[in-house]
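The values are calculated or read from the model by the stated rules, or taken from the named source; none is laboratory data. Just so it is clear, the model here is predicted, and its values are computed rather than measured. Cβ: placed from backbone, ideal geometry, glycine included. Neighbour counts: every protein chain shown.
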Amino acid sequence: MGPSVGAREAERGARAVLDPVHFDYLAGGAGDERTLTGNEDAFARRRLVPRVLRGPGPVDLTTDLPGVRLAAPVVVAPTAFHRLAHRAGEVATATGVRAAGGLLTVSTMATTAVEEIAATGAALWFQLYLQPDRAFTAAVAARAAAAGCRALVLTVDSPVRGRHARDARHRFTELPAGLVCENLRDADGRVRDLVVDPDLGWDDVAWLGGTTSLPLLVKGVLHPADAGLAVEHGVDGIVVSNHGGRQLDGAVSTLDALPAVVAAVAGRVPVLLDGGVRSGTDALVALALGADAVMVGRPVLWGLARGGADGVQEALEDLTDGLAHAMALVGAHRPGDLGPDLVTIP
Ligand SMILES: Cc1cc2nc3c(=O)[nH]c(=O)nc-3n(C[C@H](O)[C@H](O)[C@H](O)COP(=O)(O)O)c2cc1C
Ligand SMILES: CCCCCCCCCCC(=O)C(=O)O
């Protein structure tokens, strides 16, 4: 299993067209990149034990998530600075997502205003970093809601930023001229710097939930005790994530962390997983181990870099078609038919 030929080729294609400094920012991870590679390795270790003769009927991947019903349980993860990958940036991403019938999580660090992204008609969630200026944070959340985003995704794995050796080597510390974080503009139109807040606690999660009418998910949970706390503090969904290996190097792979989180949540809210999902078969393994949906980060960036909106659509359809195909081959008609009995580590 692991990366399909499609995902590997897409990455090679993106590397060929991107400025090497920007490619390394997008592809890289923290520290020695053990967690980055560990995410993919965890999928590569698994094998499927299919069921046979499970009767007729089409595969139906319809999935309900906070604020949205999707044709397939695949969501685009929030990633920063899409205009580093393609000149049309997040507008191209959203156009491709819409064509694929998917859902895009817009990053706080998007290089395009959320209103402009929403004008594509794509279904959106909005990812937030809680800023020490809580009034500003609430204003960004309200702006996302007004633009039509269907849920907020609060990233909780970044009290400080991961150390990225590739960026340090390139001295990549500033965006190219003309690119800014358009959703960090304050009421005067001034773009604020992102300030990661090392003092965040669960009360802040409850505070954010109380300031918005949107469903709230937390992204960046690995420990089952934190999953339980998240549910107790009223969240509407949990994303098992190590930030694609970009924060704590040495953190457990998300697939290995998933079963304990699923057990702790016990069906009270949806559980999503991201990190290392490169094929429909990878998505199936995550669903079989208890995820309600997967998020994908880099494969979408590679599609964007290679082919703009068409490349994003192709990347998503490769995943969802691959998932439907693998479902048929393991004898499952719906995600609910999948269970851990279908997955083994030889
Ligand atoms: C270039 C890049 C930028 C990212 N920016 C953000 C971000 O702004 N907010 C966030 O919560 N996560 C961010 N992430 C993490 C992703 O949301 C996601 O957790 C990760 O990419 C999933 O792993 P994958 O790339 O292996 O699919 C970023 C990841 C990458 C690769
Ligand atoms: C423009 C030079 C690099 C500045 C990095 C800011 C990181 C913002 C957070 C985005 C993210 O979550 C990630 O890269 O991962």
| query | Got a number for residues in the stretch 115-138 being within 16 Å of ligand 1 (Cβ to nearest atom) and more than 21 Å from VAL156 (Cα to Cα)? | reply | 1
| message | Quick check on my filter: what residues within the stretch 281-305 are surrounded by fewer than 24 Cβ atoms within 10 Å (Cβ to Cβ), away from ligand 1 (no atom under 11 Å from the Cβ) and either under 25 Å from THR95 (Cβ atoms) or acidic (Asp, Glu) (or both)? | response | ASP292
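Any idea which of PRO78, PRO58 is assigned to a loop (DSSP other than H, G, I, E, B), touching a residue at least 60 places away in the same chain (Cβ under 8 Å) and surrounded by 18 or more Cβ atoms within 10 Å (Cβ to Cβ)? Outline the logic, then answer.
Values: PRO58 fails: surrounded by 18 or more Cβ atoms within 10 Å (Cβ to Cβ).
Result of the check over PRO78, PRO58: PRO78.
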| Residue ID - nearest to LEU26 (Cα to Cα), chosen from residues in the stretch 165-179 that are in contact with a Phe, Trp or Tyr (Cβ under 9 Å, 6 or more places away or on another chain) and more than 8 Å from ligand 2 (Cβ to nearest atom) | ARG166
| said: Test of understanding: among GLY267, GLY210, which residue is closer than 14 Å to GLY290 by Cβ and either away from ligand 1 (no atom under 16 Å from the Cβ) or under 21 Å from the mean Cα position of the chain (by Cα) (or both)? | reply: GLY267
| remark: Among residues of the stretch 151-165 being under 14 Å from the mean Cα position of the chain (by Cα) and not in a strand (DSSP E or B), the residue farthest from ligand 1 (Cβ to nearest atom) is ALA151
| field | Single residue of ALA168, ALA147 found to be over 30 Å from LEU258 (Cα atoms), crowded, with 17+ Cβ neighbours inside 10 Å and away from ligand 1 (no atom under 15 Å from the Cβ) | value | ALA147
| task | For residues that are closer than 23 Å to ARG246 by Cβ and small (Gly, Ala, Ser), scanning just the stretch 69-91, find the one that is nearest to ligand 2 (Cβ to nearest atom). | result | ALA80
| request: Run ALA99 past the list (1) surrounded by fewer than 24 Cβ atoms within 10 Å (Cβ to Cβ); (2) under 17 Å from LEU70 (Cβ atoms); (3) within 16 Å of ligand 1 (Cβ to nearest atom) and report the number of the one that doesn't hold. | output: (3)
| query | Which of the residues spanning the stretch 183-196 are more than 10 Å from ligand 2 (Cβ to nearest atom) and either in contact with a helix residue (DSSP H, G or I) (Cβ under 8 Å, 6 or more places away or on another chain) or among the small types (Gly, Ala, Ser) (or both)? | reply | ASN183, LEU184, ASP186, ALA187, GLY189, VAL191, ARG192
| Here is a list of conditions, (1) within 16 Å of ligand 2 (Cβ to nearest atom); (2) farther than 30 Å from THR63 by Cα, and VAL218 meets all of them except one; can you say which number that is? | (2)
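Among the listed residues VAL218, VAL195, VAL205, which satisfies the condition of being within 15 Å of ligand 1 (Cβ to nearest atom), under 22 Å from the mean Cα position of the chain (by Cα), surrounded by fewer than 18 Cβ atoms within 10 Å (Cβ to Cβ) and among the aliphatic types (A, V, I, L, M)?
The conditions single out VAL195.
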| message | Just to verify a result, which residue in the stretch 61-75, among those that are surrounded by 19 or more Cβ atoms within 10 Å (Cβ to Cβ) and over 15 Å from the mean Cα position of the chain (by Cα), is nearest to HIS325 (Cα to Cα)? | response | LEU61
| request: Starting from the stretch 145-157, take each residue that is small (Gly, Ala, Ser) and list its partners that are at pLDDT 95 or above and assigned to a loop (DSSP other than H, G, I, E, B), counting only C-beta distances under 8 angstrom and pairs at least six apart or across chains. | output: ALA145/THR212; ALA145/SER213; ALA145/LEU214; ALA151/PRO66; ALA151/GLY67; ALA151/LEU214; ALA151/PRO215; ALA151/ASP236
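Taking the stretch 14-50 only, how many residues are assigned to a helix (DSSP H, G or I), of a type in the set (Gly, Ala, Ser) and near ligand 1 (Cβ under 10 Å from one of its atoms)? Show your work before the answer.
Applying the first criterion (assigned to a helix (DSSP H, G or I)) to the stretch 14-50 yields 14-17, 20-27, 34-45.
Checking which are of a type in the set (Gly, Ala, Ser) leaves us with 14, 16, 27, 38, 42, 44.
Adding the requirement that they be near ligand 1 (Cβ under 10 Å from one of its atoms) leaves 27.
Number satisfying all stated conditions: 1.
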| Condition test on GLY290, is it over 14 Å from the mean Cα position of the chain (by Cα), on the phi > 0 side of the Ramachandran plot, assigned to a loop (DSSP other than H, G, I, E, B) and in contact (Cβ under 8 Å) with a residue 40 or more places away in the chain? | yes
